[in-house]
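Encoded as structure tokens, the structure appears first; notes follow it.
The values are calculated or read from the model by the stated rules, or taken from the named source; none is laboratory data. Treat the numbers as computed from the prediction; the structure is a model and nothing was measured. Heads up, the Cβs are rebuilt from the backbone with ideal geometry, glycines too, and the neighbour counts pull from every protein chain shown. Heavy atoms of the whole protein, side chains included, go into the accessibility calculation; ligands, DNA and RNA do not. Shrake-Rupley method; radii C 1.70, N 1.55, O 1.52, S 1.80 Å.
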Amino acid sequence: MMKKRGIFLVLLAFVAFSGDAQEIIENPKKPLNKNAGRIVELKEVWRIDDIGADYYFKYPRNLKIAPDGSLFIADQDQLLQFDSDGKFLRNYFKKGQGPGEMQEIGNYFFSEKAIIVHDWRLQKILWFGFNGELMKDFRIHKLPSFTLLHLFYNDNYYFFGHRIPSTEGRPSVIDVPNDLISATEKGEEVKNLISFPVESFAITSGGAGAMASIAELITIPYREKYLVISHTQDYLLKIYDIESEKIIRSFRRNYNRVKVPEGRRVGGAIGIGGKTYTTPRKYLNDVTKLLEFNGLLWAMTSTADKDKGVLIDVYDFEGQYLDNFYLKFPEEIDPILIGYRPMSISGDYLFMVAYNEDNTYSIKKYRVEDKSRK
């Protein structure tokens, strides 16, 4: 007879990764906090509107807060920096292929004294000081095509790249391998570490192909040397340790799946050879975004209520299901698209790209107001 340990149940399950068996922590449907299910509100502190002569918001994405408190956001031919009060400082982007120049930003991260930018088209790494000065610039020639930077740790760069298996000209639901790849400075050593399958709808014929994700590969850096990863439609989170090069934790909780609303099409379509195929979707992905809040892990779910907001699950490093709450946004939010909305957390503040009624974008800083949190 299995004993209840008061905080969560641990059952043994097995998931194959690189030949290793991985224990999965099974959490119950309800978290530990007796005040779970409450509404947590966001109070606007300030906003950055698209009214400056020095920048514009066309396709704002990849919003991040630097160690010095400044705010960064990528856009078309822009990598913008604002100070902690929302004042514009500079644009790091210079179009080209020379020193300090880029074609397209894939991702960027921060070290203590620099911003590290990855140009995925040129497979190029650029380091800038927070004053805009170029510190170094080099290419990693051994990287496969279409890889994106996901972490920088201990002088190593960590990328994800995917490989589309052949479908022999038939549209198919397949598992697309997403490979985690490490590279040393300037790419002297490039190594495949582990692969995460992501369910996708794809078709390949001859040398051409098209693909639309069904599940999503969602990752966030966590406590410097870890990656938290979601790569399945079903609820399952994993913590990958960069130093030991293995998954150290897999966990989930009892979750009621949410069906795709009637009349909504989710996942788009793929086309090849003049034919178009609609991506088959019955359910929304259980987890839509991952965030770190004061050392705890927030998993944004597909559960939403028009009056309450979006349900957020809270876990600790051990994978224990501590809490949940509805995050109430001041503006009307589409629960299907909220996971794609650029946002970041720093301290007790959430920063988010907002879509305005006049079809413009703003960046808003909100205070997270949870009256029950000590």
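Please compute the net charge surrounding Glu112, taking Lys and Arg as +1 and Asp and Glu as -1 over other residues with Cβ under 14 Å from its Cβ. Within the 14 Å Cβ shell, the charges total -2. Here the 3J(HN,Hα) profile of the range 336-345, calculated from phi with Karplus coefficients 6.51, -1.76 and 1.60 at θ = phi - 60°, is 6, 9, 4, x, 8, 6, x, 7, 8, 10 Hz, Gly and Pro shown as x. Taken over the range 208-313, lysine pairs spaced eight or more positions apart, or on distinct chains, with alpha carbons under 17 Å apart number 6.
Which is farthest toward the positive dipole end of the chain among Asn131, Asn27, Ile229, measuring Cα position about the Cα centre, with Cβ charges +1 (Lys, Arg) and -1 (Asp, Glu)? Ranked along the dipole, the leading option is Asn27. Averaged per residue, the range 62-177 has 46 square angstrom of accessible surface, using a 1.4 angstrom probe with ligands and nucleic acids left out. Charges were assigned to the Cβ only: +1 to each Lys and Arg, -1 to each Asp and Glu. The resulting dipole of the range 167-214 about its Cα centre is roughly 140 debye.
Amide H contacts for Ile24 (H built 1.01 Å from N in the peptide plane; partners 5 or more residues away or on another chain; cut-off under 5 Å): Ala13.
Restricting the calculation to Cα atoms, every distinct pair contributes to the Kirkwood radius of the range 217-331, found to be 15.8 Å. In order along the range 159-175, phi translates into HN-Hα couplings of 10, 10, x, 10, 10, 9, x, 5, 10, 6, x, 10, x, 9, 8, 9, 8 Hz, rounded to whole numbers, per the Karplus curve 6.51 cos²θ - 1.76 cosθ + 1.60 with θ = phi - 60° and x for Gly and Pro.
Which whole-number value in Å² is the accessible area per residue of the range 227-374, probe 1.4 Å?
Details: 6800 Å² over 148 residues.
Heavy-atom accessible area per residue stands at 46 Å².
Applied to the range 45-50, the Karplus parametrisation 6.51 cos²θ - 1.76 cosθ + 1.60 on θ = phi - 60° returns per-residue 3J(HN,Hα) values of 9, 7, 9, 10, 9, 7 Hz, with x for Gly and Pro. Taken over the C-alpha atoms, the range 187-267 has Rg and Dmax values of 16.4, 52 angstrom.
Just going by the charge dipole of the range 152-200, with Lys and Arg at +1 and Asp and Glu at -1 on Cβ, which of Leu193, Tyr158, Val176 is farthest out on the positive end? Value computed over the given set: Val176.
Over all pairs of distinct alpha carbons, what does the Kirkwood formula give as the hydrodynamic radius of the chain, in Å?
Working: mean 1/r = 0.0451 Å⁻¹.
Here the Kirkwood hydrodynamic radius works out to 22.2 Å.
Residues of the range 61-87 with an amide N closer than 14 Å to a point placed 7 Å from the Cα of Glu112 along the Cα-to-Cβ direction: 67-68. Please state the shape class of the range 276-337: rounded when a/c is under 1.5, otherwise prolate if a/b exceeds b/c and oblate if not, all from the C-alpha gyration tensor. Note, shape of the range 276-337 comes out oblate. Rolling a 1.4 Å probe over the protein heavy atoms of the chain, with every protein chain left in place, gives an accessible area that is 47 percent carbon and sulfur. Dipole orientation for the chain: of the candidates Ile48, Leu80, Ser213, Ser213 has the Cα lying most toward the positive pole (charges on Cβ; Lys, Arg +1; Asp, Glu -1). Amide H to amide H distances under 5 Å link Phe93 with Leu79, where only residues 5 or more positions off or on other chains count and H is placed in the peptide plane. Rounded, prolate or oblate: pick one for the range 94-179, where a ≥ b ≥ c are the square roots of the eigenvalues of its C-alpha gyration tensor, a/c under 1.5 means rounded, and failing that, prolate if a/b is larger than b/c, else oblate. It is prolate, given that a/c is not under 1.5 and a/b is the larger ratio.
Under 5 Å from the amide H of Gly309 lies no amide H of any residue 5 or more positions distant or on a separate chain, with H modelled from the backbone and absent for Pro and chain starts. Using the Cβ of Asp50 as centre and a radius below 13 Å, the other residues enclosed give a net charge of -1, where K and R count +1 and D and E count -1.
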